[in-house]
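What follows is one structure encoded as structure tokens, with my remarks underneath.
The values are calculated or read from the model by the stated rules, or taken from the named source; none is laboratory data. Because the structure is predicted, anything quoted here is derived from the model rather than measured. Cβ coordinates were reconstructed from backbone atoms using ideal geometry, including for glycine residues, and neighbour counts include every protein chain displayed.
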Amino acid sequence: MKLPGVPFYQANINNYTPGRTRPVRKLTIHHSAGWENTLRYLWADPNRNGSSHFWVGNQPNQIEQYVDTGDTAWTNNNWDSNCESITVETRGDWRGYYDKQTLNNLYTLMVKLLPTYPQLIVEYHMDVSRTFTLCPADLKHKGYAKAEWDKAVAAFNKPAPAPTPPKPVAINYRSITPKRVKLIRPANLWDFNFTEWAKAKAVQAYPAGHLVDVVAVAKNSLGGEYYMTAYSYNGGSVRATNGFNIKDCEDYVPAITQPPTVEQKWEPMANPRKMRLMVTSKITDLDTMKETGSDIQAGTDIDLVELKTIKPGVTYARSKWSMQNNKNWGILLNRFAEVPATAPEPTPEPPREPVPEPPLDVDPNTPSDSDLHGQVNWLVKAIKALLAYFKIKV
Ligand SMILES: [Zn+2]
């Protein structure tokens, strides 16, 4: 495999073995113990008798490939090891060299290899060479290469991040048939753009009875619902997240407009007369419909001259005094009764005469109202007489 995105400079065919004789299992880390900027010329030399798959430098993304990973590079001074390894030379000096950018490039190479070679383990030249070498020095001894490897493996094993669930829409708006609502209690206009009740912000306080024309309802993530004005809602292009909690509102019902009342007038009584007040009452002032003045005792006879019916069945009577003094005063007519006519002289009781007792009922044939049996006997006798008349023998 030629690694995608990595420049490939083919090593001379004298410097590697085409193909593999066993599965690739390892990534062998080397350091190029000099200050080379590239190994492409070294491995292109047909007499070099060596090669590596990769080299990483100290410039951003400086990674080069010289041998296809499907071929066997000669890097490790150990044929068996070469057969199962991908090899990388890391720019550095005899110590192994610490350079952040170089290590970043080593990391990038590892990340690119792992998807194709997930079985790889990392090893170091000194551990496999058949001749003595300090390679790769601090890349092994100070753990620089291992640290990059561990990061690359962690990144490789990291499960793909779960798709971020769509954030719940914090506030839902719905337009409603425009209407007028009334605050049923003193209430705040709220900024309903909050996700914790404790963070609700009152914009302004309004008194009970305040009328608001509303066109939309906003529901925030806590489920609170708020009436919005046309101005705040602005046809769905919300201008202000302000509203009244719908629980503080009721639909406003305008008072039914009464037809203008025909002015009630005092009308003269057909038969003005003195009538007797039957219930202790006060005068009612018909301008205010409040009772006024002091009690007029039941039994008082009052000269009544006029009547005013203020609604069906409710008629007030006005006294002569009130009329003459132009007072719009009256007392309910149904509290009056006619003054009784002067009682006539008692007529003497007529002399009594004894009433005779009815005669005793001694008639055995005619039943009285106390005679059930007598009735039956009488009936039997009558039937017998009838039968006898027709000469029927029983
Ligand atoms: Zn080496």
Q) Is there any pair with a first residue in the stretch 62-80 that is within 21 Å of LEU103 (Cβ to Cβ) and without any contact (Cβ under 8 Å) to a residue 60 or more places away in the chain and a second that is of a type in the set (Phe, Trp, Tyr) and away from the ligand (no atom under 15 Å from the Cβ) whose Cβ atoms are under 8 Å apart and which are 6 or more apart or on different chains, and what are they? A) GLU64/PHE8; GLU64/TYR9; TYR66/PHE8; TYR66/TYR9
Q: Could you tell me whether the stretch 98-114 includes any residue that is closer than 20 Å to PRO18 by Cα and either more than 14 Å from the ligand (Cβ to nearest atom) or part of a helix (DSSP H, G or I) (or both)?
A: yes
Q. Just to be sure, is ALA205 loosely packed, with under 14 Cβ neighbours inside 10 Å, more than 30 Å from ARG174 (Cβ to Cβ) and of a type outside the set (Phe, Trp, Tyr)?
A. no
Q.
All but one of (1) touching a Pro at 6+ places or on another chain (Cβ under 8 Å); (2) among the aliphatic types (A, V, I, L, M); (3) at pLDDT below 95 hold for LEU42; state the number of the condition that does not hold.
A. (1)
Q.
Looking only at the stretch 52-66, how many residues end up being more than 12 Å from the ligand (Cβ to nearest atom) and either aliphatic (A, V, I, L, M) or part of a loop (DSSP other than H, G, I, E, B) (or both)?
A. 10
**Q.** Out of ALA317, ALA240, ALA298, sole residue that is surrounded by 11 or more Cβ atoms within 10 Å (Cβ to Cβ), closer than 30 Å to ALA216 by Cβ and of a type in the set (A, V, I, L, M)
**A.** ALA240
Q: Could you check how many residues of the stretch 179-205 are over 14 Å from ILE246 (Cα atoms) and of a type outside the set (Asp, Glu)?
A: 12
Q | Complete set of residues in the stretch 115-139 that are more than 13 Å from the ligand (Cβ to nearest atom) and either hydroxyl-bearing (Ser, Thr, Tyr) or in contact with a strand residue (DSSP E or B) (Cβ under 6 Å, 6 or more places away or on another chain) (or both) | A | THR116, TYR117, LEU120, ILE121, VAL122
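On the basis of being more than 16 Å from the ligand (Cβ to nearest atom) and of a type in the set (A, V, I, L, M, F, W, C), does ALA44 make the cut?
yes
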Q) Looking only at residues in the stretch 103-119 that are crowded, with 20+ Cβ neighbours inside 10 Å and in contact with a helix residue (DSSP H, G or I) (Cβ under 9 Å, 6 or more places away or on another chain), which one is nearest to THR69 (Cα to Cα)? A) LEU113
Q. Among the listed residues THR69, THR75, which satisfies the condition of being within 15 Å of the ligand (Cβ to nearest atom) and either acidic (Asp, Glu) or within 20 Å of VAL6 (Cβ to Cβ) (or both)?
A. THR75
Q) What number of residues within the stretch 23-41 are touching a residue at least 60 places away in the same chain (Cβ under 8 Å) and either within 14 Å of the ligand (Cβ to nearest atom) or in a strand (DSSP E or B) (or both)? A) 8
